[in-house]
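A.B. asks: One structure follows; several queries about it will come next.
The values are calculated or read from the model by the stated rules, or taken from the named source; none is laboratory data. Keep in mind that what you see is a predicted model, and the values were worked out from it rather than measured. Note that we place each Cβ from the backbone using ideal geometry, even for glycine, and neighbour counts take in every protein chain shown.
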Amino acid sequence: MDIVLMLLAYVFTMIEYLWLLRCFHIEGKKYYYIAVGLLILILVGFLCPKEIGVGYEEYVAIRAAFVFLILMIDKKKIFPRIESAFLVAIMKDCLLLAVETWVPKELFIKAASNHLNTFIGCAIECTIIIMLGSFLSVLINFLNKTTIVKVGSVLDYIIVVGSFEIFMCIWRVNYTLIFNGENPSFKVKASTSFAALALLLLEINILYKKWLANRIQKYAKAEHELYETQRNYYNSLLEKESDTKKYRHDMNNHMICIKSLLDEGKYEDLQNYIDNLYDYTNFLVNKSQKTGNSIIDALTNYYADSMDKDVEFKLKGMIVKPIDIDEISLSSIYSNMLVNAIEAQTHIPPQKERYIHVSLKEGDKFAQLIVRNAMENESIANLEQIETTKLDKENHGFGLANIKKNVVEHNGSLIIEAEDYEFCIKATLPLVVNK
């Protein structure tokens, strides 16, 4: 066995693997394994018989490089190491296979009797892999600065097209063997069947990742909206606290003015002064709603501030006990109820009353959120097919569907009524029951 050819193939393969690891930011710190691999290969070269066969040296060298690559990857568990090493190795082989298909065989011959051909072939392969790694490294750094979601959607289409092409290759090989009257061996049948099943798992993985990414994106959006709502609510509380402190500070001056107007007998001016003071006091009292639930508080105050001034908004009741539902889902249910009610007020004719009334009820095991609002039509015949009135129907009109979905998923119930120019939605949710 030619030890020089084996070591040469090992060194070039390790360079390709290490470069791809670096381009993908995979840590590999145990570099002394490279020297260990060289020593073991030298020992194997001296112990193995000479007549094993041409090309066996490269076979041993590449597999030895793969084993030591696994040992070099800086991860605690063995399975992530194997996964990273396998993906790097198969990426390298896929690119070389794609290139070698269009290149004369002579360029990649690594005959054991010709050191120059071996060196040229390994150098060409190594150059191709370095170019691939450089491109991927630039692409990854580029993705960190741009919209990953858009690029990911494009890659999904490429993966789908690639999966279809892989299937066609597998099918053509199998069909060609059968068409030529050959009976494929068990090894060929097993390989073809395994390849088809592996492709099936890849396609399942693609669909699952797309579903998971969509769920994460929706959850992140809801979480961001909830955060913004709570932040605005807390800012309004701070603002109210500041106004209250100013009011307390000015109270002594108000008393002086009232006493002065009373002593001077200016009763009409006194009446106006007291009315203005009452309005301001009432404004401070009603500036923030208190319901007993921080999420409902935040959403109520946020949307109440965004309503038109001529929309009558009332809230009664409290929910003190914790609701057995996560904050994101509760936010989605209640915010959609309010948003739908607010949007409905924009379509009420000017001469008609516009109002939104919220009722909160709490029992032993369940709590109920009730939102009543004025609506344009006298009644709605088919409540299951209520459509949004917004022009952008593709991105709107899912409010009621989201409410129903979240309520049902958390073992609640939903009742919708629409008659006498009033729309009413009642969401019943379970409370946390202490056993």
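A.B. asks: Considering only residues that are assigned to a loop (DSSP other than H, G, I, E, B) and surrounded by 11 or more Cβ atoms within 10 Å (Cβ to Cβ), which ones fall in the stretch 20-30?
C.D. replies: Looking only at the stretch 20-30, we keep the residues that are assigned to a loop (DSSP other than H, G, I, E, B), and these are 24-27, 29-30.
Listed by number, the residues that qualify are 24, 26, 27, 30.
A.B. asks: Taking residue 268 and the conditions (1) surrounded by 10 or more Cβ atoms within 10 Å (Cβ to Cβ); (2) among the charged types (D, E, K, R); (3) at pLDDT 70 or above, which numbered condition does it fall short on, given that it satisfies the others?
C.D. replies: It is condition (1) that residue 268 fails.
A.B. asks: On the basis of being modelled with pLDDT of 80 or more, in contact with a Gly (Cβ under 9 Å, 6 or more places away or on another chain) and assigned to a helix (DSSP H, G or I), does residue 39 make the cut? Step through it out loud before you land on a result.
C.D. replies: On the way: modelled with pLDDT of 80 or more: yes; in contact with a Gly (Cβ under 9 Å, 6 or more places away or on another chain): no; assigned to a helix (DSSP H, G or I): yes.
Against the criterion (modelled with pLDDT of 80 or more, in contact with a Gly (Cβ under 9 Å, 6 or more places away or on another chain) and assigned to a helix (DSSP H, G or I)), residue 39 does not qualify.
A.B. asks: Could you check the stretch 71-90 and list, in sequence order, the residues that are farther than 18 Å from residue 11 by Cβ and not charged (D, E, K, R)?
C.D. replies: First pass over the stretch 71-90, keeping only residues farther than 18 Å from residue 11 by Cβ: 73-84, 86-87, 90.
Selection gives 73, 78, 79, 80, 82, 84, 86, 87, 90.
Each row is one residue, and each column tells you yes or no for (1) under 29 Å from residue 326 (Cβ atoms); (2) in a helix (DSSP H, G or I); (3) at pLDDT below 75; (4) touching a Cys at 6+ places or on another chain (Cβ under 9 Å).
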site	(1), (2), (3), (4)
145	no, no, yes, no
167	no, yes, no, no
170	no, yes, no, no
191	no, yes, no, no
198	no, yes, no, no
207	yes, yes, no, no
216	yes, yes, no, no
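A.B. asks: Is it true that residue 130 is in contact with a strand residue (DSSP E or B) (Cβ under 6 Å, 6 or more places away or on another chain) and at pLDDT 85 or above?
C.D. replies: Values: in contact with a strand residue (DSSP E or B) (Cβ under 6 Å, 6 or more places away or on another chain): no; at pLDDT 85 or above: yes.
Considered against the rule, which asks whether it is in contact with a strand residue (DSSP E or B) (Cβ under 6 Å, 6 or more places away or on another chain) and at pLDDT 85 or above, residue 130 comes out as no.
A.B. asks: Only residues in the stretch 292-308 that are assigned to a helix (DSSP H, G or I) count as the first member; pair them with residues that are modelled with pLDDT of 85 or more and surrounded by fewer than 16 Cβ atoms within 10 Å (Cβ to Cβ), Cβ under 9 angstrom, at least 6 apart or cross-chain, and list the lot.
C.D. replies: 303/339
A.B. asks: Filtering the stretch 100-113 down to residues that are surrounded by 14 or more Cβ atoms within 10 Å (Cβ to Cβ) and assigned to a helix (DSSP H, G or I), which residue is modelled with the lowest pLDDT? Quick ask: steps written out before the conclusion?
C.D. replies: Step one: of the stretch 100-113, the residues surrounded by 14 or more Cβ atoms within 10 Å (Cβ to Cβ) are 100, 108, 110, 112.
When the remaining residues are screened for being assigned to a helix (DSSP H, G or I), the result is 100, 108.
Working: 100: 75, 108: 51.
Selected residue: 108.
A.B. asks: Follow-up question, since we're still on this one. Looking only at the stretch 309-333, count how many residues are crowded, with 18+ Cβ neighbours inside 10 Å, without any contact (Cβ under 8 Å) to a residue 60 or more places away in the chain and of a type outside the set (A, V, I, L, M).
C.D. replies: Summing the residues that are crowded, with 18+ Cβ neighbours inside 10 Å, without any contact (Cβ under 8 Å) to a residue 60 or more places away in the chain and of a type outside the set (A, V, I, L, M) in the stretch 309-333 gives 1.
A.B. asks: Another question, if that's okay. I need the full set of residues from the stretch 415-429 which are in a strand (DSSP E or B) and either within 28 Å of the chain's Cα centre (by Cα) or aromatic (Phe, Trp, Tyr) (or both), in order please.
C.D. replies: The answer is 423, 427, 429.
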